[in-house]
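The numbers here are math on the coordinates, done by the rules we state, and not lab data. As the structure is a prediction and not an experimental result, all values here were calculated from the model. With ideal geometry, Cβ positions are generated from the backbone for all residues, glycine too; neighbour counts draw on all protein chains shown.
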């Protein structure tokens, strides 16, 4: 088995690490405090200029065509510095990949270059509804044909990057008489579409720099050409693309976990109690050792899932395993980092408090840990004769 990265993958990782250190890390705390929106947008444009908004999109559409492994490495490095920026980057990449996979030649030619070069400040996925979270097939947002248009009615919630996204991938029911999950279609809706309304921003526990909003479709009229793929085939598209998104969330989780443990290791080497550095106490060493095993296991699971995707092999189970383990490992890592800091870890003066809040959502979005277990069990049992 080949574990070595290619030269291109190393270059992408190192470039992401440099941008993260130079531009993302210095404003991460300000974003957490609700400030620095213009700096965030400037950093997203900088990432677009370096090819990070379309890492797995073909070069003919302006993408980097670098692959899933490179994407995972990049998101990990961005997440290490600023989870909010990494989320916006990850979701925009997801939007680009679904347009490339399902969109028409016209849709790809129009939208993908705008995602790649930052003309669209970001992309957004409009799937979740108040009554359709872990079960998106229960959505009620409707899209009906009206002459040469579709008219979309309904609301989506918890939409990342909605406040500045230029392109929305929207799922809506087009055949309400079809069996559950069979009458859903997928649409590409640009920000200036009449009837698209960005709702209130959620007040969240963490990732404050990543805006999360409701999105309302109040008679939102889009041309027939906004339909992506075949009518009533949108649910299959959603399920397929979410698997790729889980690699991104897993990589983000690993980045946060690494940052938390690096901060903790620095702290225990500098902090003295009972006449010795904390790092010399065996109990604390074992805590660090357990988390180091977590980080390495998460890294291997992520790279395996990404490699399978790059090889065009089935990767849904591997992506769920990576997302489940890495997000739970991030929870353990941030909790351990706070414990190693003692009372200081509970104070905003130290970054581990922010890391813990940022990490918590990774066990929820792109499919909860419980949903990942269902997928893993289903795919495992399917292999049993």
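Tabulated results
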{"read-out": "Region 331-364-region 259-305 distance, computed between alpha-carbon centres (Å)", "value": "13"}
{"read-out": "Convex hull volume of region 250-385 per residue (C-alpha atoms, cubic angstrom)", "value": "107"}
{"read-out": "Additional length obtainable on full extension of the chain from residue 137 to residue 265, 0.36 nm per residue less Cα span", "value": "41.6 nm"}
{"read-out": "Gain on full stretching of the segment that runs from residue 180 to residue 349 - 0.36 nm per residue minus C-alpha separation", "value": "55.9 nm"}
{"read-out": "Ratio of Rg to Rh over region 308-354 (Cα coordinates, Kirkwood Rh, two decimals)", "value": "1.29"}
{"read-out": "Cα principal axis extents for region 7-121, largest first, Å", "value": "42, 32, 18"}
{"read-out": "Where only C-alpha atoms are counted, convex hull volume of region 79-133 per residue in Å³", "value": "107"}
{"read-out": "Gain on full stretching of the segment that runs from residue 11 to residue 282 - 0.36 nm per residue minus C-alpha separation", "value": "93.8 nm"}
{"read-out": "Debye intensity ratio in log₁₀ form over the Cα atoms of region 106-178, taken at each q of 0.26 Å⁻¹", "value": "-1.13"}
{"read-out": "Calculated on alpha-carbon atoms, Rg and Dmax of region 56-109 in Å", "value": "12.0, 37"}
{"read-out": "DSSP bridge pairs, the chain: antiparallel proportion in percent, nearest 5", "value": "85"}
{"read-out": "Rounded if a/c under 1.5, otherwise prolate or oblate - region 263-335, Cα gyration tensor axes", "value": "prolate"}
{"read-out": "Square roots of 5 times each gyration tensor eigenvalue, C-alpha, region 124-232, largest first, Å", "value": "23, 16, 10"}
{"read-out": "Rule-of-thumb Rg ratio for region 138-200 [Cα; 2.2 N^0.38 Å; N residues]", "value": "1.15"}
{"read-out": "Burial order of peptide ranges 323-331, 21-29, 33-41 (average beta-carbon count within 10 Å, highest first)", "value": "323-331, 21-29, 33-41"}
{"read-out": "Whole-angstrom gap from region 180-205 to region 14-84, using each part's C-alpha centre", "value": "24"}
{"read-out": "Cα convex hull of the chain, projected area averaged across orientations, nm²", "value": "20.1"}
